[in-house]
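To start, the structure itself, in structure tokens.
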Amino acid sequence: MTSPTCRLRLSTSPHLHAGAAVPQWMLHSVIALLPVTLFAVAVFGLAALATITVAILACLLAERACAAPSALDDGSAMLTGLLLGLSLPPALPLWMVAVGGFVAVAIGKHLFGGLGGPVFHPALVGRVILQAAFPTAMAQAWVTPLAPGRVSELPATSLAQPFMSPTAPYDGLSGATPLTATKAGEAGAPTADLWLGIVAGSVGETSAVLLLLGGVYLAIRRMIDWRIPVALLGTVAALSALLHGLDAERHPEVWTALGSGGLMLGAWFFATDPGISPTTRRGAWIYGLAIGALVVVMRQFSGHVEGVMYALLLGSALTPHIDRWTRPRPLPKGVER
Amino acid sequence: MFRHRTSFSGGIKLAMPDRIAADAVVRQMPFAPLLRLPLRQHAGAAAVAVVRAGEEVLRGQLLARAEDETAVPLHAPATGRVVRIGEQSDGAGGTVGVIELAPLPGDTQEQARERTFDADRLDADELLAAIREAGIIGLGGERGPTHQRLQRARKRGVAVLVINGIEGEPGFTRVPALLARHGSDVISGARFLGKVLGSQDAVLAVEKPDANSASAMLADSENHDRPVLAVLRPRYPQGAAELLVRTLARRPVEGIPAFNAEKAMVFSLATVAEIGRLLSHGLTMTDQLITLAGDGLRDTGNYRVPLGTPVGFALAQAGAHSELDRVLDGGPMRGHALGHLDRPITKGATGFVAMVANEQASLPEPMACIRCGECVAACPLQLHPAELGLLARRGEIQAMVEDWHLERCFECGCCAYVCPSHIPLVQMFRAAKKQSRRAKALAAGEEPA
């Protein structure tokens, strides 16, 4: 019997791999966002569909312009686009959406060194720049949920040209979002509608239930660290309960606080982005807690109606510090073997 | 009945193949036409040949004598003729002496008893000498001369003997084989070691899949001072001595008094069984129990292989696929890939994995680190592989060593195993360690190795 003849390949240990990969993680995130995306299109119609599509295309374009063509394969640009689209008001002029998408990837991602480099979530960078550049549009491009004709026609504002005022006033379709209403002292939406998502709001942040389901799916698949949303939502719940207990007039109750605004989207899909969250498990708790506290403080005590975006940005700014505080300590040198 | 505990954070759950009864089977490997025996098969000095080319030797007979405290003697693995005494590459840029032996076909291969003694009557010093004369080295991952470790341990004082019955790598099945076939050797080996060390307690640590065979083995023993059993939840790399001692010392399992980690000493189950087997019968080390595994073999399992058998011959006997892609010396997590198959199987071998080319075998190109922290959570020593990886990429070796404890890494592979970006972390750390040692040697004015 002779030895097997072969050209052996030299590789280094370990020769096994768990199998999880970055593109897979992106894919599962997209799957988790699918229900809420479809729901958004059903509720807000063509406006939502166009917003999401344009956001994704703009991100892909920027990725193609800034990185090697193969970088598109990892799916991260698509996910950024989807998240950005979901976080924008449905009737935002589409050229603004495109600017936001391009900026998100070109500046938010590639200026920081590409995949793995960003300090802030690229989609949030896109959104915050739109917020700064076009505050009026961002504050008013809301669409009434389940409006008649939503699937057959685009709101005029969506098609507005650059450097021109929208062809129709926002008021034609817009209504106050629940948080704006509460802040103004008016009655917000009923809690049930809030959780289901039959309210005005950003494309993909209205249905807390579907976002929760998607987030839990990711957590079960171990694609995200469950500690972050748990700490974040837990903190929001605890602080809201406290404030509501102190002054029920001015502060919403817990279920309203949890179900409104971009909280669920932010907690499950933005805050958990591996690149911007701490690397240690202990750090994840601190990070979630900090963002949760910031959300409540901003919502209740600042001029902003919606604090989630800024809370997330501040939270990720904390990440390097949290990483330093929670740096793992190597096991003490062991016994002589 | 058993508590399952681990007290190291991190590590990974590896998909272990189901343990079946066949795992306890040990097949005898026939003699290869030519056995090659390096004179140094462990860390330490080489042995010095005492035979000449052309001489006929008996199985078990002394071939090379240990002249140095760090050396162990080498015995003939087969009755046969010494064909050649020469040099071969040691794989690290140097050469090492080698004896080539052609077994005599048709011989009974009865092992010549070098010594006759009643091991149970030997005192500690005599046992220590007998262990050295039998040519025993560590058979777990540690491949140093066993007598040397024992001498150091005696100076230090050891209270607890820990027998490491944890399968080091996925796919390896030496533990069930040793428990089923060598139960009495394990018990007597533990007794001899206890005597040498003057230790009071012995603990046998196994993982859940081997719990039943371990307790059956202990129950069979008529001896009263048999080891206490500790059953642990399977988790890689629990078998690393450092982690195992922590686990056992920190959170005592039922029946074992808590002990001071400093006062424990770990021996692999294979070493303990070998000590029992050889000393009880006055034999010398002539063969090795190894696992042959991998999708490139038809007859995977445990084999008793004569020392000096070429890896290729052993794989062929186990029904190797004609087109192997990779052959690993050791398991899939820590083993290293062999460049050719003429290498002989030596004393420290634990097993080989033969793999055919398939999709799983080739990993995708590494991507950028996304700082997901999976590696941090997986590191059993609580190092920071992600940070180490970023520093390695920037060439900041000094920071890796001084600030991030690179030298503690024992290359278990957990970080690279979980990395979703497929970054070859272990490879980078290995290179960085080498570079750091070079730099240190240069700074000390030495010729870099």
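Does B:R149 count as within 30 Å of B:L218 (Cα to Cα) and open to solvent by 10 Å² or more (accessible area, probe 1.4 Å)?
Yes.
Inside region A:298-337, can you point out the residues that are β-branched (V, I, T) and without any contact (Cβ under 8 Å) to a residue 24 or more places away in the chain?
The answer is A:V335, and nothing else.
Would you point out which residue out of A:W285, A:W325 is within 14 Å of another protein chain (Cβ to nearest Cβ), under 30 Å from B:H405 (Cβ atoms), in contact with a helix residue (DSSP H, G or I) (Cβ under 6 Å, 6 or more places away or on another chain) and open to solvent by 70 Å² or more (accessible area, probe 1.4 Å)?
Selected residue: A:W285, the only one of A:W285, A:W325 that is within 14 Å of another protein chain (Cβ to nearest Cβ), under 30 Å from B:H405 (Cβ atoms), in contact with a helix residue (DSSP H, G or I) (Cβ under 6 Å, 6 or more places away or on another chain) and open to solvent by 70 Å² or more (accessible area, probe 1.4 Å).
Looking only at region B:128-145, which residues are under 22 Å from B:G198 (Cβ atoms) and open to solvent by 50 Å² or more (accessible area, probe 1.4 Å)?
B:R132, B:E133, B:E142 - these are the residues of region B:128-145 that are under 22 Å from B:G198 (Cβ atoms) and open to solvent by 50 Å² or more (accessible area, probe 1.4 Å).
Conditions first: (1) within 9 Å of chain B (Cβ to nearest Cβ); (2) assigned to a helix (DSSP H, G or I); (3) surrounded by 18 or more Cβ atoms within 10 Å (Cβ to Cβ); (4) not aliphatic (A, V, I, L, M). A:F39 passes all but one, so which condition is the exception?
So A:F39 meets the others, but not (1).
Test A:R222 against the stated conditions and say whether it is open to solvent by 10 Å² or more (accessible area, probe 1.4 Å), at pLDDT below 90 and closer than 30 Å to A:G75 by Cβ.
Answer is yes for this residue.
Given the residues B:T346, B:T309, which is the only one that is farther than 14 Å from A:L10 by Cα and open to solvent by less than 10 Å² (accessible area, probe 1.4 Å)?
B:T309
Residue check: is B:E387 charged (D, E, K, R), at the interface with chain A (Cβ under 10 Å from one of its Cβ atoms) and under 27 Å from A:A68 (Cβ atoms)?
yes
Each row is one residue, and each column tells you yes or no for (1) of a type outside the set (F, W, Y); (2) in a loop (DSSP other than H, G, I, E, B); (3) closer than 30 Å to B:I290 by Cα.
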{"position": "B:A349", "(1), (2), (3)": "yes, yes, yes"}
{"position": "B:F352", "(1), (2), (3)": "no, no, yes"}
{"position": "B:M367", "(1), (2), (3)": "yes, yes, no"}
{"position": "B:C372", "(1), (2), (3)": "yes, yes, no"}
{"position": "B:L390", "(1), (2), (3)": "yes, no, no"}
{"position": "B:A416", "(1), (2), (3)": "yes, no, yes"}
{"position": "B:A431", "(1), (2), (3)": "yes, no, yes"}
{"position": "B:R437", "(1), (2), (3)": "yes, no, no"}
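Of (1) within 15 Å of the chain's Cα centre (by Cα); (2) more than 12 Å from every other protein chain (Cβ to nearest Cβ), A:M26 satisfies all except one. Which?
(2)
Does B:E387 satisfy being among the acidic types (D, E), open to solvent by less than 40 Å² (accessible area, probe 1.4 Å) and either farther than 30 Å from A:R324 by Cβ or touching a helix residue (DSSP H, G or I) at 6+ places or on another chain (Cβ under 9 Å) (or both)?
Judged against the criteria, B:E387 is a match.
Quick one: is B:D201 in contact (Cβ under 8 Å) with a residue 60 or more places away in the chain and away from chain A (no Cβ under 14 Å)?
So B:D201 fails the test.
Take region A:288-310 and flag every residue that is open to solvent by less than 20 Å² (accessible area, probe 1.4 Å) and part of a loop (DSSP other than H, G, I, E, B).
Once the filter is applied, which keeps residues that are open to solvent by less than 20 Å² (accessible area, probe 1.4 Å) and part of a loop (DSSP other than H, G, I, E, B), region A:288-310 yields only A:G307.
Could you list all residues from region A:97-116 that are open to solvent by less than 40 Å² (accessible area, probe 1.4 Å) and touching a helix residue (DSSP H, G or I) at 6+ places or on another chain (Cβ under 7 Å)?
Listed by number, the residues that qualify are A:V97, A:A98, A:G100, A:G101, A:V103, A:A104, A:V105, A:A106, A:G108, A:K109, A:L115.
Out of curiosity, is B:A354 open to solvent by less than 20 Å² (accessible area, probe 1.4 Å), facing chain A (nearest Cβ under 9 Å) and touching a strand residue (DSSP E or B) at 6+ places or on another chain (Cβ under 7 Å)?
yes
Give me a count of the residues in region B:310-360 that are within 13 Å of the chain's Cα centre (by Cα) and hydroxyl-bearing (S, T, Y).
Counting residues in region B:310-360 that are within 13 Å of the chain's Cα centre (by Cα) and hydroxyl-bearing (S, T, Y) gives 2.
Looking at region B:365-381, which of its residues are at the interface with chain A (Cβ under 7 Å from one of its Cβ atoms) and more than 21 Å from the chain's Cα centre (by Cα)?
Within region B:365-381, B:M367, B:A368, B:C369, B:I370, B:R371, B:C372, B:G373, B:V376, B:A377 qualify.
Does A:A32 qualify as being crowded, with 22+ Cβ neighbours inside 10 Å, more than 14 Å from chain B (Cβ to nearest Cβ), modelled with pLDDT of 95 or more and farther than 28 Å from A:Q161 by Cβ?
Criteria met by A:A32.
Can you find a residue that is within 18 Å of A:V305 (Cβ to Cβ), touching a Phe, Trp or Tyr at 6+ places or on another chain (Cβ under 9 Å), in contact (Cβ under 8 Å) with a residue 24 or more places away in the chain and aliphatic (A, V, I, L, M) anywhere in region A:179-197?
Yes.
Whether any residue in region A:81-93 is touching an Asp or Glu at 6+ places or on another chain (Cβ under 7 Å) and either of a type in the set (A, V, I, L, M) or closer than 22 Å to A:T206 by Cβ (or both) is what I want to check.
There is at least one residue in region A:81-93 that is touching an Asp or Glu at 6+ places or on another chain (Cβ under 7 Å) and either of a type in the set (A, V, I, L, M) or closer than 22 Å to A:T206 by Cβ (or both).
With B:G348, B:G335 as the choices, which residue is touching a residue at least 60 places away in the same chain (Cβ under 8 Å), of a type in the set (G, A, S) and more than 10 Å from every other protein chain (Cβ to nearest Cβ)?
B:G348
The values are calculated or read from the model by the stated rules, or taken from the named source; none is laboratory data. Computed from a prediction, not measured in an experiment: that's the story for all the values here. Don't worry about glycine lacking a Cβ; one is built from the backbone with ideal geometry, like all the others, and counts go over all protein chains shown. Just so you know, the surface numbers come from the protein's heavy atoms only, side chains and all, with ligands and any DNA or RNA stripped out. Shrake-Rupley method; radii C 1.70, N 1.55, O 1.52, S 1.80 Å.
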